[in-house]
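Please read the structure below before turning to the comments.
Every number in this text was worked out from the coordinates using simple rules, so none of it is lab data. Because the structure is predicted, anything quoted here is derived from the model rather than measured.
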Amino acid sequence: MSEDKALVQLQFENHRIRRIMDEDTGEWWYAVVDVIEALTDSQKPRDYWYRMKKRVAENEGVELSTNCRQFKLKAPNNRFYDTDCADTEGMLRIMLSPPTLAGLSDRAT
C-alpha cells in the first residue's frame, strides 16, 4: 500500500491530525507535531516538540523519541517528509511525561 493510501487525517477541534497504519502490526501511528498543535494551540508545533524532547531529556533523563517512529507523511505543500509518529501508548507517554503537555501553562507560540 502506498504511503498516500495509508495516510488518514482526523479532525480534532478544527485541527488536522495525520495518522498512518503500520501494515505489519495493524497499529495506527499519529503525527506528534499535529497532536501537539491541537492540544497546545502552538503556532510552531515543531519547535515545541523539539524543546519538549530537549527539556525532558535534560530534566528527566528520558528520550521521548524512543516512543516514536518516523514515517513519510504528506505535508500541506503536498511533499512527503519524515515525521515523528507515536502509537496510542507512545502518545500517552509523551503527553504525560513531565514537564510536557501535562503542564500546558508554558505554551510555545
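What the table below lists for this structure:
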quantity	calculated
Note, ³J(HN,Hα) from phi for segment 29-38, Karplus 6.51, -1.76, 1.60, rounded to Hz, x at Gly and Pro	10, 10, 5, 4, 5, 5, 5, 4, 4, 5
Stokes-Einstein D for segment 31-100, Kirkwood Rh over Cα pairs, 20 °C, 1.002 mPa s (µm²/s)	173 µm²/s
Interchain or long-range residues, amide H under 5 Å from Asp87's placed H	Tyr30
